[in-house]
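Student: Have a look at the structure that comes next, please.
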There are 2 protein chains.
Amino acid sequence: MRIALDAMGGDHGPAPNVAGALRAIAAVPDLSVVLVGNQPQIEAGLEQAPPELRQRLSIVHASEVIGMDEKPTDALRKKPDSSIARCWHLVADKQVDGLVSAGNTGAVVATGLVIKRFLKGVRRPGIAAVMPTATGQTVILDVGANVWPKPLHLLHYGVMGSVFAEQILGVAQPKIGLMNVGEEEGKGHELIQKTYELFRNGPLREQFAGNVEGRDIHKGMVDVIVTDGFVGNVVLKHAEGVFDFIMNLVMNDVIGTLARERDLALAACQNLIAKFHYSSFGGAPLLGIDGICMICHGASDERAIANALAAAAQDARVQLNEKITQAIAALPTFQDLD
Amino acid sequence: MRIALDAMGGDHGPAPNVAGALRAIAAVPDLSVVLVGNQPQIEAGLEQAPPELRQRLSIVHASEVIGMDEKPTDALRKKPDSSIARCWHLVADKQVDGLVSAGNTGAVVATGLVIKRFLKGVRRPGIAAVMPTATGQTVILDVGANVWPKPLHLLHYGVMGSVFAEQILGVAQPKIGLMNVGEEEGKGHELIQKTYELFRNGPLREQFAGNVEGRDIHKGMVDVIVTDGFVGNVVLKHAEGVFDFIMNLVMNDVIGTLARERDLALAACQNLIAKFHYSSFGGAPLLGIDGICMICHGASDERAIANALAAAAQDARVQLNEKITQAIAALPTFQDLD
């Protein structure tokens, strides 16, 4: 598997990207990585790299970098030779099996939508994020590509999330829940009520488990949670914020009270943080576009980038997009509902 | 202060309500409580009550109970003598200074909207919830009364949340943030973009701190977070879910590894849980309606009910609604934007 990595993406420049690429290559035998960005900077980061890893890395120069806060549409127009655009061109030219970027999410999505087509039949791509639960993992989508969807977009998210849960999380017949403000049918606003109807009586009815409330997300009641990109984005970032907030409290108020077993408790806490930190989950795939694209947190460290590269390779290996296309093709024809 | 308590509300029937009323009266010297519901059941619960507390409790019989899952509009029509309706009538007749209910939230809100008017000038009531942050507390609204608001409703939530933060949380010139999917202006969908504009260039511009992302909620960057009732509801319940999920992990993976200092760590953990559990926050006020109304979690225990009664009494004591009315009256006139 050959994955393009936006070496300039993220809050910390090339360093964690280059280190992450080396780490991923060391861990995944069939992986090669194309580092895309400022060639001299990337080469400087590779000086100490072991030769047996270095030979599975190549560099494609890109003369421009899109800033984390740049407006995506402006960036696209003004910076045709950005590292993000180069990554997408490598995907489009079939030089790589997928791309990974911790850069400006809006720009990654917008550039993809300009350079590549949607997967056949998909009405709107969505970003899927894997979240930990009491029983394993659940995939929630969309988390930010489509903040004002239609019911049919959300039905497609159900299909795509379901294929992802089967192929990547290894769940047979994934259960799908609809994010809502209460359990009962009829809850929520019109978009959600119409979407509920489409799931309840449509082609996914066997897999549909009804509404899911905020407090249920981490209970593991469903394998796929469908929501609009506004709610999904707030929830995903909120999970990160609550986790940091609580673990800080635990560090101060619990670990801080201990004496003799403080180191033991601290190590257990650090394990827990490492296990549930977003960097374990290796980025969020943009599903519904013709090309594997893994979007990473701007603050991604070496470990997060390495996990995202491994995840992108796995998505390509299982032919995730081909399977999504088949599942969408198997749906009856719907009109977009407003 | 005299507060009506829906003694039938919540998942556990009268027991935690009656116990909560006794606990609140013991703690708050000027508080008296009217227990509203099935008189024999309430009296049975009061048999062991100390006489000095019992004398500050009275009972108003209501022959009907609205179930937690009943559809609010049906319940209103079919059960005119519900404990919820009786509570609101006591407010309307000025027999009490406010009400507390852990019953069906939709029914509490819908009944209030039928029996009482909105506060003068308020376009739509909203439910405010207090959430803990790294620096203190923040109030987020709406968390479920208005899932499809207009920009002006959200501006009013800014005003009401700000008065609440001043009067109840003791913050001078509260800072207001708008829940969004990114920090930069222009993020989010049309409703949020228009609302941003209304805050940025409107009468609250001095207090407006811009967009707030999900990961910022618990950082304490702002005192008031404005959002629609769908997002607010998901976030509030998600906070509860993440907290339970993480504290379970800490109990198993951290406390479980200890031997000699296990009891010490366990006690510290239990303190932390008690401090940040929703029951510490005593319910969420429905703001914008002519009457103090505190809405509690369906799972409320004695402590949650007691805290909610004390909070309702405090809202009445500081004349929260009079102050909201003044603040709304001070706004220039706006047209509702779609």
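Student: Any residue in the stretch A:302-320 that is more than 18 Å from A:ALA102 (Cβ to Cβ) sitting within a Cβ distance under 8 Å of a residue that is open to solvent by less than 30 Å² (accessible area, probe 1.4 Å) and in a helix (DSSP H, G or I)? List the pairs, counting only those 6 or more apart or interchain.
Tutor: Listed by first residue and then by second, the contacts come to A:LEU320/A:VAL163; A:LEU320/A:PHE164.
Student: Would you point out the residue of the stretch B:172-220, among those that are within 14 Å of chain A (Cβ to nearest Cβ) and polar (S, T, N, Q), that is nearest to A:ASN233 (Cα to Cα)?
Tutor: Filtering the stretch B:172-220 for residues that are within 14 Å of chain A (Cβ to nearest Cβ) and polar (S, T, N, Q), the one nearest to A:ASN233 (Cα to Cα) comes out as B:ASN180.
Student: Looking at the stretch B:122-150 only, could you name the residues that are at positive phi and in contact with a Leu (Cβ under 6 Å, 6 or more places away or on another chain)?
Tutor: none
For (1) more than 20 Å from A:ALA102 (Cβ to Cβ); (2) more than 24 Å from the chain's Cα centre (by Cα), each residue gets a yes or a no:
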{"site": "A:VAL212", "(1), (2)": "yes, no"}
{"site": "A:ARG215", "(1), (2)": "yes, no"}
{"site": "A:GLY220", "(1), (2)": "yes, no"}
{"site": "A:VAL224", "(1), (2)": "yes, no"}
{"site": "A:PHE230", "(1), (2)": "yes, no"}
{"site": "A:LEU236", "(1), (2)": "no, no"}
{"site": "A:LEU249", "(1), (2)": "yes, yes"}
{"site": "A:THR257", "(1), (2)": "yes, yes"}
{"site": "A:ALA267", "(1), (2)": "yes, yes"}
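Student: Having 2 or more residues that are away from chain A (no Cβ under 14 Å) is the bar; report the helices (runs of 4 or more DSSP H) wholly within the stretch B:240-338 that clear it.
Tutor: Answer list for the stretch B:240-338: B:302-317, B:320-329.
Student: To continue, here is another question. Could you say whether any residue in the stretch A:258-273 is in contact with a Leu (Cβ under 7 Å, 6 or more places away or on another chain), surrounded by 15 or more Cβ atoms within 10 Å (Cβ to Cβ) and touching a residue at least 24 places away in the same chain (Cβ under 8 Å)?
Tutor: For the stretch A:258-273, residues in contact with a Leu (Cβ under 7 Å, 6 or more places away or on another chain), surrounded by 15 or more Cβ atoms within 10 Å (Cβ to Cβ) and touching a residue at least 24 places away in the same chain (Cβ under 8 Å): present.
Student: Let me confirm something: among A:ILE84, A:ILE59, which residue is in contact with a strand residue (DSSP E or B) (Cβ under 7 Å, 6 or more places away or on another chain) and under 16 Å from A:LEU113 (Cβ atoms)?
Tutor: Exactly one residue qualifies, and that residue is A:ILE84.
Student: While we're here: Would you confirm whether any residue within the stretch A:312-323 is crowded, with 23+ Cβ neighbours inside 10 Å and among the small types (Gly, Ala, Ser)?
Tutor: Scanning the stretch A:312-323, I find at least one residue that is crowded, with 23+ Cβ neighbours inside 10 Å and among the small types (Gly, Ala, Ser), so the answer is yes.
Student: If I ask for residues that are assigned to a loop (DSSP other than H, G, I, E, B) and touching an Asp or Glu at 6+ places or on another chain (Cβ under 7 Å), which ones from the stretch B:124-145 would you list?
Tutor: Once the filter is applied, which keeps residues that are assigned to a loop (DSSP other than H, G, I, E, B) and touching an Asp or Glu at 6+ places or on another chain (Cβ under 7 Å), the stretch B:124-145 yields only B:ASP142.
Student: In this structure, is A:SER58 hydroxyl-bearing (Ser, Thr, Tyr), closer than 21 Å to A:GLN95 by Cα and open to solvent by 30 Å² or more (accessible area, probe 1.4 Å)? Break it down into steps so the answer makes sense when it comes.
Tutor: Working: hydroxyl-bearing (Ser, Thr, Tyr): yes; closer than 21 Å to A:GLN95 by Cα: yes; open to solvent by 30 Å² or more (accessible area, probe 1.4 Å): yes.
Yes: the conditions hold for A:SER58.
Student: Now for a separate question. Could you check, for the stretch B:96-103, whether at least one of its residues is away from chain A (no Cβ under 14 Å), under 18 Å from the mean Cα position of the chain (by Cα) and open to solvent by 30 Å² or more (accessible area, probe 1.4 Å)?
Tutor: Within the stretch B:96-103, one or more residues are away from chain A (no Cβ under 14 Å), under 18 Å from the mean Cα position of the chain (by Cα) and open to solvent by 30 Å² or more (accessible area, probe 1.4 Å).
Student: Sticking with this structure for a sec: Restricting to the stretch B:186-229, give me the number of residues that are open to solvent by less than 30 Å² (accessible area, probe 1.4 Å), over 14 Å from B:ILE176 (Cβ atoms) and in a loop (DSSP other than H, G, I, E, B).
Tutor: 4
Student: Tell me which residues, restricted to the stretch B:162-176, are touching a helix residue (DSSP H, G or I) at 6+ places or on another chain (Cβ under 7 Å), within 18 Å of B:ALA312 (Cβ to Cβ) and not in a helix (DSSP H, G or I).
Tutor: B:ILE168 - this is the single residue of the stretch B:162-176 that is touching a helix residue (DSSP H, G or I) at 6+ places or on another chain (Cβ under 7 Å), within 18 Å of B:ALA312 (Cβ to Cβ) and not in a helix (DSSP H, G or I).
Results for (1) under 15 Å from the mean Cα position of the chain (by Cα); (2) surrounded by 23 or more Cβ atoms within 10 Å (Cβ to Cβ), shown as yes or no for each residue.
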| site | (1), (2) |
| --- | --- |
| A:VAL108 | yes, yes |
| A:LEU113 | no, no |
| A:LYS116 | no, no |
| A:GLY121 | no, no |
| A:ALA128 | yes, yes |
| A:MET131 | yes, no |
| A:GLY136 | no, no |
| A:VAL143 | yes, yes |
| A:VAL147 | no, no |
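Student: For the stretch A:149-159, name all the residues that are part of a loop (DSSP other than H, G, I, E, B) and either crowded, with 24+ Cβ neighbours inside 10 Å or within 16 Å of the chain's Cα centre (by Cα) (or both).
Tutor: A:PRO149
The values are calculated or read from the model by the stated rules, or taken from the named source; none is laboratory data. The structure presented is a predicted model; accordingly, all values stated were derived computationally and were not measured. Note: ideal-geometry Cβ built from the backbone for every residue, glycine included; neighbour counts use all protein chains shown. The accessibility values were calculated without ligands, DNA or RNA, using every heavy atom of the protein model including side chains. Shrake-Rupley method; radii C 1.70, N 1.55, O 1.52, S 1.80 Å.
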